[in-house]
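Taking it in order: structure first as structure tokens, then the write-up.
The values are calculated or read from the model by the stated rules, or taken from the named source; none is laboratory data. Note that this is a predicted model, so its numbers are computed, not measured. Positions of Cβ are generated from backbone atoms using ideal geometry, with glycine treated the same way; all protein chains shown enter the neighbour counts. Surface areas here come from the heavy atoms of the whole protein model, side chains and all, with no ligands, DNA or RNA. Shrake-Rupley method; radii C 1.70, N 1.55, O 1.52, S 1.80 Å.
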Amino acid sequence: MSEIDEGKYIWKNGQLVAWAEATTHVLTHALHYGTAVFEGIRCYQTVHGSAVFRLRDHLKRMERSARMIGMELGYSVDELMAATFETIRVNELKECYVRPIAYRGYGAVGVNPRSAPVDVAIIVWPWGAYLGAEALEKGIAAGISSWRQRSVNAIPGAVKSSASYLNSGLAKMEALDHGYGEAILLTESGLVAEGSGENIFVVRDGVIATPPLADGVLAGLTRASIIQIARDMGYTVLEQSLVRSDLYIADEVFFTGTAAELTPVASVDGRQIGLPGPVTSALQTRFFDVVNGRVPEYDAWLDRV
Ligand code: PPE
């Protein structure tokens, strides 16, 4: 049984194939060695019709991720944009999540990925609130993981590779087992990194701060968007290293991510941070206005289907 809201077609290596036919061999290199890069993107039903939020920027990040692991996508960003729009259209979805993935396929065994072919696919399906609808409104209970964020000299955070997500998965399972809704990972040196699938922000005395990319966090597009939106609203946003106590003494904490959108953090390790605070609420409202096409200044972020 699948908990996936299955669609009709999947784009794979230049063609649309039936959902059930988009399979891969069990000796697929990426399945054994994590040699895949992917993106998570959302298509919103905006006031001007369906639009994919920062599609071009996401695909550019995927191109950089591929480059980082020595992989050629074989398709340009423009080609992948067109393929994404086509896949959304044929699945007749107005609003959905978009998952492009490029992976080393079938044709080689052993850790050296270079002789395995590269397969590229784009999958779309409806995906609701990642951490639950209630979390968007009331916030999520987060716990600091005993697992550390993979180091930048192991698997760089800049790369959105499948391999990174074993780290996320370990942290997520532990968090859920401990009764939390999401995990927060610290780096080996004890700095705050990110959630298992989100960047993290804190607010103190009206100033917003988030860990810098050099601390090994994913260069989140939602993170970048929130930094810009917040600055445009007149807030001061600092990209600076944070330690555990910064979370405990924050006035507000929130997660950002394509799937999680902007989710308030209600507590960290059982220490209440409180109701979604004024800054979090203002940013969340503004963010949803932006992705839904209600703020003309950010129109360039909406790639129309
Ligand atoms: N950090 C991590 C580790 C992460 O996985 C994501 C996105 C982010 C930060 C935020 O990045 P951005 O989406 O560009 O703002 N996580 C994706 C996958 C989640 C999943 O469970 O799958 C996502 O949100 O699409």
Scan region 164-178 and give yes if some residue there is in contact (Cβ under 8 Å) with a residue 40 or more places away in the chain, over 24 Å from Cys43 (Cβ atoms) and of a type in the set (A, V, I, L, M), otherwise no. yes
Enumerated strands (runs of 3 or more DSSP E) restricted to region 1-75, each holding at least 1 residues that are within 14 Å of the ligand (Cβ to nearest atom) and hydrophobic (A, V, I, L, M, F, W, C): 36-38, 41-46, 49-53
Strands (runs of 3 or more DSSP E) (entirely within region 79-188) containing at least 1 residues that are open to solvent by 30 Å² or more (accessible area, probe 1.4 Å) and within 14 Å of the ligand (Cβ to nearest atom): 96-104, 118-125, 140-148
